[in-house]
Amino acid sequence: MTPPNPDFAITGAFDIPGEFQTAVPYGSGHINDTYCATFVAAGEPTRYILQRINQTVFGNPAALMQNIGRVTSHLAAKLAGEADRHRRILSLIPTHDCRAWHVDALGHYWRAYRFIEQARTFDIVESAEQAYQAAKAFGRFQRLLADLPAPRLHDTIPDFHHTPKRYAALERSITSDVANRARLAGTEIEFTLCRRAMCSVLLDAQLPERVTHNDTKFNNVMLDQRTGEGICVIDLDTVMPGLAPFDFGDMVRTTTSPVAEDEQDLSKVRMQFPMFEALLRGYLASAGCFLTPAERSHLVTAGKVITFENGIRFLTDYLGGDTYYKIHRPNHNLDRCRTQFQLVASIEQQEDAMHRLVESLEGSSDDTAEFPG
Ligand code: ADP
Ligand code: GN1
Ligand code: MG
């Protein structure tokens, strides 16, 4: 990550009270440069999140920020009057000239958010209750945005979950092999070949388009430190039109394995059924009221397809010389790809039982439900 400027000059652009003290790199996201900045006003330190938007990944940051502005305003209106509302929605801090972002002298786009205190994110799930709470929060997020007024949100990354196009990109990277690494990834390439057909299953199912988060990684929801509730869904860069199962699929990908996405000991990677059950119950508690039977019946498949898609994306980035995701060691993207494929294999082994569970929970939806643990 780019180290912050010594004086972190961009902080002066935002309408933040008090005096800037420090800014330190923060979190473990793969995309943006995130800093936790502290300002002191009337002797009291207050934390803020400052983020530099990754402009290699997001070609139109102004459109992205427009989406975030619309989404956060809609959520704020929906939660008006709710206790703790300011901790339940990301709040952008405007610049002194009332814009939602600041462009620095180098042309980099920056934004500032209120820091959600007494809550935290986790890279690895620690309990089934956490899985339940995370899924309930993401389901609620979809539900609250179901009536977002027109116009359609911008596609911040076109074809983000178009798995067949992700597969085609992989094929191109194998053919061009710019980093001369295809010979080191023979097993992984082989793994993809016989699974190509699954790429189009979600897109062919004629599911309704909704406003979805599209990056429902477990560390993109903040869990309340006291109650454990999934209090705030964060990382809104990819909120755009999508399919509801995309979001459930990414929860399965990131919340059912007991180890990190880049674990090197593949024997530890597996889809833990109790975590899947907790995710499903949490998601249906908040989203069950609007999901169609066809969406429900594709939840398990989405877990497999979105995990496969991410494996393909990590492999493509590895073969292309690591240009998309932040990496912290050689072969990092290959290691990530391997865990994804291991997880796909684990899902394949348990798929029938997963489907049976979905069928057995048909009709369940209760947003006031607590974790049944
Ligand atoms: P990336 O797109 O790179 O994943 P995120 O927006 O997810 O970036 O932010 C990275 C991390 O910063 C999150 O996982 C979370 O821990 C922390 N974070 C982001 N926004 C906030 C916030 N408003 N309050 C507290 N922590 C936050
Ligand atoms: C990225 O930003 P972050 O770390 O939450 C990526 C997701 C991937 C994920 C894999 C905009 O998410 O699509 O699923 O890494 N975000 C983008 O861990 O590409
Ligand atoms: Mg993130």
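The values are calculated or read from the model by the stated rules, or taken from the named source; none is laboratory data. For clarity, every value in this text was computed on a predicted model and none was experimentally measured. Glycine also receives a Cβ, built like all others from the backbone with ideal geometry; neighbour counts cover every protein chain displayed. Note: accessible area is taken over every heavy atom of the protein model, side chains too, but ligands, DNA and RNA are not part of it. Shrake-Rupley method; radii C 1.70, N 1.55, O 1.52, S 1.80 Å.
This table checks each residue for (1) aromatic (F, W, Y); (2) not in a helix (DSSP H, G or I).
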| position | (1), (2) |
| --- | --- |
| A105 | no, yes |
| W110 | yes, yes |
| Y113 | yes, yes |
| F122 | yes, yes |
| E126 | no, yes |
| Y132 | yes, no |
| P151 | no, yes |
| H154 | no, yes |
statement: R338 fails exactly one of (1) of a type in the set (K, R); (2) over 20 Å from R172 (Cα atoms); (3) open to solvent by 50 Å² or more (accessible area, probe 1.4 Å); (4) in a helix (DSSP H, G or I), namely (2)
query: Can you tell me which residues in the range 106-136 are within 15 Å of ligand 2 (Cβ to nearest atom) and either open to solvent by less than 30 Å² (accessible area, probe 1.4 Å) or among the hydrophobic types (A, V, I, L, M, F, W, C) (or both)?
result: R111, Y113, F122, I124, V125, A134
- prompt: Can you tell me which residues in the range 60-93 are without any contact (Cβ under 8 Å) to a residue 24 or more places away in the chain and open to solvent by 40 Å² or more (accessible area, probe 1.4 Å)?
  reply: S73, A77, A80, G81, E82, A83, R85
- prompt: Within the group D247, D235, which residue is within 16 Å of ligand 1 (Cβ to nearest atom), open to solvent by less than 10 Å² (accessible area, probe 1.4 Å) and in contact (Cβ under 8 Å) with a residue 24 or more places away in the chain?
  reply: D247
- prompt: Mind checking which pairs have a first residue in the range 23-34 that is within 12 Å of N220 (Cα to Cα) and a second that is among the β-branched types (V, I, T) and near ligand 1 (Cβ under 6 Å from one of its atoms), Cβ under 8 Å, 6 or more apart or different chains?
  reply: G27/T34; G27/T121
query: Exactly one of (1) open to solvent by less than 10 Å² (accessible area, probe 1.4 Å); (2) β-branched (V, I, T); (3) under 16 Å from the mean Cα position of the chain (by Cα) is unmet by I312. Its number?
result: (3)
statement: Selection over the range 52-77 where residues are farther than 22 Å from T227 by Cα and not in a loop (DSSP other than H, G, I, E, B) yields a count of 16
